[in-house]
Amino acid sequence: MTTDSKTNLFDLDCKEIETFFLDLGSKAFHGRNVFKWIHKHGVTDFDAMTDISKRLREQLLQVAELNLPQLIFEQPALDGTRKWLIELKDGQRIETVYIPDGGRSTICVSSQVGCALDCSFCSTAQQGFNRNLSVSEIIGQVWIATRELGESPSNIVMMGMGEPLANFDAVVTAMNIMQDDLAYMVSKYRVTISTSGIVPALEKLKALSDVSLAVSLHAPDNALRDQLVPINQKYPLEMLIPACREFVRGDKRRKVTWEYVMLDGVNDSLQHAKALIRLLEGTPSKVNLIPFNPFPGTQYRVSPEERVEAFRMRLKRSGIVATTRKTRGEDIDAACGQLVGKVRDRSRRELRRPEAENLKVNIR
Ligand code: SAH
């Protein structure tokens with residue numbers, strides 16, 4: 001976001017910073033250096049950029065700023081997962097989750113304040129929607145994570161609050177910065193966008209960003225998916241599946257990861273598994289079964305473990321790679337579908353989660 005007439009350089013990718021510097025009458029490589037200072041070295045003060053001349057630094061102070069969202073609380077879970085509550089300039093709050101796994105780390109990044117999609121089993125949806133995040137607010141979560149961890153995360157998943165493809169431009173720019181060698185250097189196979197299936201945006205994405213694709217499928221037929229993931233009424237399976245197949249075409253290493261939340265008695269029978277196998281035929285696929293994370297007021301129940309396992313084995317028998325997602329950070333509501341932040345002026349106001357004030361650890 002830009003305040004006054006100053007440009008926040010955290011909103012720009014490397015090319016855009018180069019252009020900004022050329023427009024100032026400076027050189028592109030100075031722009032590249034500043035990009036590297038802010039993302040790779042974490043420097044947010046122009047005066048600390050020692051290879052930038054004093055004159056240029058003074059000029060930058062007039063026209064540019066380095067604004068990041070602020071980490072205000074950290075909540076640690078018993079399993080090492082950490083949930084970060086991050087405050088934006090306008091007082092909105094979002095959540096980012098850090099999930100350690102052996103020597104590797106995954107950051108789960110938010111793309112919007114709340115979410116407009118209204119999936120019936122997701123507690124973010126209950127919050128309503130306020131606004132899109134800017135590039136600086138998205139990449140700011142990665143910046144914060146990198147500083148907290150002392151290194152770039154090994155994996156970044158756009159699986160936090162919001163529908164990333166509904167905030168297309170900012171998410172594409174941020175994902176490109178994540179992969180940039182002068183910034184976080186995360187491999188294109190280790191940056192994942194998770195979408196409920198906004199088909200036209202998905203069709204556009206491939207040309208602009210080479211990332212891994214996860215799709216919130218949750219049902220093998222339109223009738224059921226219409227209820228669980230209402231965007232399906234607009235972009236039904238016969239549009240979604242070919243678009244996903246097209247997205248991974250041309251790279252043998254790529255498969256679509258289908259996310260499938262297991263809801264007791266709703267979508268978890270062997271008939272559902274068989275229908276799913278038929279649906280995915282011809283598409284390089286991996287299925288990720290997600291145990292349902294309940295939240296107050298939900299109508300759904302958790303599938304029994306044996307049923308999840310039977311479902312997984314059925315998929316496996318037909319040659320589909322299927323894994324069950326380990327639930328992480330459950331005790332602090334950091335698991336899938338539990339991120340709520342603090343959405344101000346949301347359309348639905350009932351409060352379902354402890355507010356930030358009740359979080360346990362105040363680190364700032
Ligand atoms: N809007 C994007 C990003 C969210 S990713 C998307 O729909 O893909 C978070 C994943 O967790 C999605 O697959 C989502 O459907 C799933 N999820 C949401 N609520 C959940 C819950 N209560 N339990 C388990 N998984 C849930």
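Note on F29 and E238: their simple-model spin labels are 5.8 nm apart, each label 7 Å out from Cα toward Cβ. Between amide H atoms placed 1.01 Å from N, distances below 5 Å from V321 occur with V287, all of them 5 or more places distant or on a separate chain.
With neighbour counts taken as other beta-carbon atoms within 10 Å, the residues R328, R131 rank, fewest first, as R131, R328.
Working from Cα pairs under 8 Å separated by at least six residues, relative contact order for the chain is 17 percent. Computed from label points 7 Å out along Cα-Cβ, the spacing between K188 and T44 is 3.1 nm. Cβ-to-Cβ counts within 10 Å put Y184, Y235, Y260 in ascending order as Y235, Y184, Y260, the fewest first.
Shown for the chain: cysteine residues without a partner Cβ closer than 4.7 Å, namely C14, C108, C115, C244, C336. Residue pairs exceeding 28 angstrom between C-alpha atoms, taken from K6/K54; K89/K188; K6/K188; K188/K286: K89/K188; K6/K188.
Only helices enter this figure: runs of n ≥ 4 DSSP H residues, each worth -39500 (n - 2.57), summed and divided by the residues of the chain, yield -9500 deg cm²/dmol at 222 nm to the nearest 500.
Residue ranges 282-295, 40-53 sort as 282-295, 40-53 when ordered by packing (mean number of other C-beta atoms within 10 Å per residue, highest first). Sites count as exposed loop sites when they are GluC sites (Glu not before Pro), lie in a DSSP loop, and have at most 16 other Cβ atoms within 10 angstrom; the longest stretch of the chain without one is 1-150. Could you tell me which of A335, Q62, G91 has its Cα farthest along the dipole of the chain towards the positive end, charges placed at Cβ (Lys, Arg +1; Asp, Glu -1), taken about the Cα centre? Looking along the dipole axis, the top candidate is A335.
Where a number appears in this text, it was derived from the coordinates with a stated rule and is not lab data. Just so it is clear, the model here is predicted, and its values are computed rather than measured. Glycine gets a Cβ as well: all are built from the backbone with ideal geometry, and neighbour counts include every protein chain shown.
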